[in-house]
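Written below as structure tokens is the structure these notes are about.
The values are calculated or read from the model by the stated rules, or taken from the named source; none is laboratory data. All values derive from a computational prediction rather than experimental measurement. Because the Cβ atoms are built from the backbone with ideal geometry, glycine has one as well, and the counts that use them run over all protein chains shown. Accessible surface is based on the protein model in full, side chains and every heavy atom, while ligands, DNA and RNA are left aside. Shrake-Rupley method; radii C 1.70, N 1.55, O 1.52, S 1.80 Å.
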Amino acid sequence: MGKSLHRNNALNGSPFARILQIFVAAIKNRNLPTPEKAEELHEIHDNEVGQSEILETNTFSIQQSNTLYTNILSFKVPGPSVPVIPLLFMFVLIPAYEHIFAPFTQKITGIPTGITHLQRIGVGLVLSAISMAVAGIVETRRQSVAIQHNMVDSVEPLPMSVLWLSFQYAIFGGADMFTLAGLLEFFYAESSARMKSFGSHLLVANWIWFTS
């Protein structure tokens with residue numbers, strides 16, 4: 001449904017050339033004085049923005065958090081710390097699944113893990129879709145708040161708490177718990193002997209890429 005509105009920024013150039021430019025710039029500017037303002041160390045030209053930057057899920061949510069009100073009581077929540085929310089939910093959900101949900105469903109299904117590995121993966125995929133839908137609802141509200149208070153181009157935080165992002169991240173943490181754990185168990189329990197370690201390594205590499 002959103003295919004006609006989807007923005008896909010094509011990659012330009014080689015990543016190795018960008019890495020090489022870092023070393024060239026470091027050698028070229030090794031005698032320059034350190035600027036007084038730290039922001040000047042990370043200067044990005046306006047014509048480069050949008051050409052080489054690609055938003056994954058976490059990157060966009062961090063940008064969202066930077067526009068929201070991040071004070072909770074007397075504590076200011078750093079924007080880049082928002083992705084820790086699904087990890088906290090996984091920390092709670094995994095023991096709850098193993099000690100409460102799995103034994104309960106085992107009595108009903110007769111399966112040692114409560115539900116099959118593929119069913120567990122399927123539940124995780126459904127939760128992932130739900131988390132994306134919730135993320136869309138939250139982003140719609142964030143935009144409406146910005147328009148309502150005439151703060152579309154304002155650098156001031158919106159009168160909207162950063163805790164709104166916790167809803168999508170909580171569901172996403174549950175999705176990861178079902179999908180990642182289900183895939184790992186599937187690889188080790190049902191894959192052939194030579195595919196067990198390959199499948200698990202491929203899963204970990206994909207998860208690191210997705211969350212980076």
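Only residues that are farther than 15 Å from Gln63 by Cβ and either among the hydrophobic types (A, V, I, L, M, F, W, C) or in contact with a helix residue (DSSP H, G or I) (Cβ under 6 Å, 6 or more places away or on another chain) (or both): list them for the range 140-158, please.
Answer for the range 140-158, where residues must be farther than 15 Å from Gln63 by Cβ and either among the hydrophobic types (A, V, I, L, M, F, W, C) or in contact with a helix residue (DSSP H, G or I) (Cβ under 6 Å, 6 or more places away or on another chain) (or both): Val145, Ile147, Met151.
Report whether or not Ser166 is of a type in the set (Ser, Thr, Tyr) and either crowded, with 20+ Cβ neighbours inside 10 Å or over 24 Å from Glu56 (Cα atoms) (or both).
no
Step by step: first the residues of the range 118-143, then only those that are within 15 Å of the chain's Cα centre (by Cα) and without any contact (Cβ under 8 Å) to a residue 24 or more places away in the chain, then the one that is nearest to Phe187 (Cα to Cα). Which residue is that?
The selected residue is Ala129.
Do any helices (runs of 4 or more DSSP H) entirely within the range 16-111 hold 1 or more residues that are open to solvent by 80 Å² or more (accessible area, probe 1.4 Å) and either in contact with a Gly (Cβ under 7 Å, 6 or more places away or on another chain) or at pLDDT 85 or above (or both), and if so, which?
84-96, 102-109
Which of the residues belonging to the range 112-134 are assigned to a helix (DSSP H, G or I) and of a type outside the set (A, V, I, L, M)?
Correct list: His117, Gln119, Arg120, Gly122, Gly124, Ser128, Ser131.
Could you grab me the full set of residues in the range 178-203 that are within 21 Å of the chain's Cα centre (by Cα), at pLDDT below 85 and surrounded by 12 or more Cβ atoms within 10 Å (Cβ to Cβ)?
Correct list: Leu180, Ala181, Gly182, Leu183, Leu184, Ser200, Leu202, Leu203.
Any chance the range 181-191 includes a residue that's farther than 29 Å from Phe75 by Cα, touching a helix residue (DSSP H, G or I) at 6+ places or on another chain (Cβ under 9 Å) and among the acidic types (Asp, Glu)?
Checked the range 181-191: at least one residue is farther than 29 Å from Phe75 by Cα, touching a helix residue (DSSP H, G or I) at 6+ places or on another chain (Cβ under 9 Å) and among the acidic types (Asp, Glu).
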